[in-house]
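Visitor: Here it is, the structure, as structure tokens.
The values are calculated or read from the model by the stated rules, or taken from the named source; none is laboratory data. Just so we're clear, the structure is a prediction, and the values are computed from it rather than from any experiment. All Cβ positions, even for glycine, are placed from backbone atoms using ideal geometry, and neighbour counts span all protein chains on display. Each accessible area value is taken on the protein alone, full model and side chains, heavy atoms only, with ligands, DNA and RNA left out. Shrake-Rupley method; radii C 1.70, N 1.55, O 1.52, S 1.80 Å.
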Amino acid sequence: MESDEELSYDQKKAVMGFILVYQESSEYWNKNLDLWSEVLNKPQTRANASSIAFADAWWGYQALLATGLNPIVGGRMAAVASACTAFL
């Protein structure tokens, strides 16, 4: 990816963000999905840790690209994506 001349600097950084968020989110949700279901008293039947992590990474990636790599907006969008994917 680093040597891909078709990707802009922002696109490369956003892809790296996607990968890192997906890895970390996968680890987090694999450990904590059942706990959140208990705390919220809402059984999880629709999503799994992998689909929640993908939503985190995808929407964080989109927000980073749309805002010139703003990590605050990217992080908030990823957090919203987690909640919506997991429990709506």
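Visitor: Restricting the first residue to region 1-22 and requiring it to be part of a helix (DSSP H, G or I), which pairs with a second residue that is open to solvent by 80 Å² or more (accessible area, probe 1.4 Å) meet a Cβ separation below 8 Å and a spacing of at least six or different chains?
Guide: LYS12/MET1; LYS12/GLU2; VAL15/MET1; MET16/MET1; PHE18/TRP58; TYR22/PHE54
Visitor: Further question on the same structure: Being open to solvent by 60 Å² or more (accessible area, probe 1.4 Å) and in contact with a Ser or Thr (Cβ under 7 Å, 6 or more places away or on another chain) is the requirement here; does PRO71 meet it?
Guide: no
Visitor: Checking the structure you have, find out if any residue of region 1-16 is surrounded by 13 or more Cβ atoms within 10 Å (Cβ to Cβ) and either of a type in the set (Lys, Arg) or within 11 Å of the chain's Cα centre (by Cα) (or both). Spell out how you get there, then give the answer.
Guide: At the first step, the residues of region 1-16 found to be surrounded by 13 or more Cβ atoms within 10 Å (Cβ to Cβ) are 7, 10-16.
Cutting the leftovers down to either of a type in the set (Lys, Arg) or within 11 Å of the chain's Cα centre (by Cα) (or both) gives us 12-13.
For region 1-16, residues surrounded by 13 or more Cβ atoms within 10 Å (Cβ to Cβ) and either of a type in the set (Lys, Arg) or within 11 Å of the chain's Cα centre (by Cα) (or both): present.
Visitor: When THR67 is evaluated against the numbered criteria (1) free of Cβ contacts under 8 Å to residues at least 12 places away in the same chain; (2) in contact with a helix residue (DSSP H, G or I) (Cβ under 6 Å, 6 or more places away or on another chain); (3) on the phi > 0 side of the Ramachandran plot, which criterion, by number, is the only one it fails?
Guide: Among (1) free of Cβ contacts under 8 Å to residues at least 12 places away in the same chain; (2) in contact with a helix residue (DSSP H, G or I) (Cβ under 6 Å, 6 or more places away or on another chain); (3) on the phi > 0 side of the Ramachandran plot, THR67 violates only (3).
Visitor: Looking at region 30-73, which of the residues that are among the charged types (D, E, K, R) and not in a helix (DSSP H, G or I) is nearest to GLN11 (Cα to Cα)? Walk me through it before giving the result.
Guide: So the first thing to find is which residues in region 30-73 are among the charged types (D, E, K, R), and the list is 31, 34, 38, 42, 46, 56.
Applying the additional criterion that residues be not in a helix (DSSP H, G or I) yields 42, 46.
On the way: LYS42: 37, ARG46: 31 Å.
This residue is ARG46.
Visitor: Hey, another quick one. ARG76 versus (1) touching a helix residue (DSSP H, G or I) at 6+ places or on another chain (Cβ under 8 Å); (2) open to solvent by 90 Å² or more (accessible area, probe 1.4 Å); (3) part of a loop (DSSP other than H, G, I, E, B): which is the lone unmet condition?
Guide: (3)
Visitor: If we keep just the residues of region 25-46 that are surrounded by 13 or more Cβ atoms within 10 Å (Cβ to Cβ) and under 14 Å from the mean Cα position of the chain (by Cα), which is nearest to PHE87 (Cα to Cα)?
Guide: Among those residues, the one meeting the criterion is TRP29.
Visitor: With respect to TYR61, is the statement that it is crowded, with 19+ Cβ neighbours inside 10 Å, at pLDDT 90 or above and touching a helix residue (DSSP H, G or I) at 6+ places or on another chain (Cβ under 9 Å) true?
Guide: Considered against the rule, which asks whether it is crowded, with 19+ Cβ neighbours inside 10 Å, at pLDDT 90 or above and touching a helix residue (DSSP H, G or I) at 6+ places or on another chain (Cβ under 9 Å), TYR61 comes out as yes.
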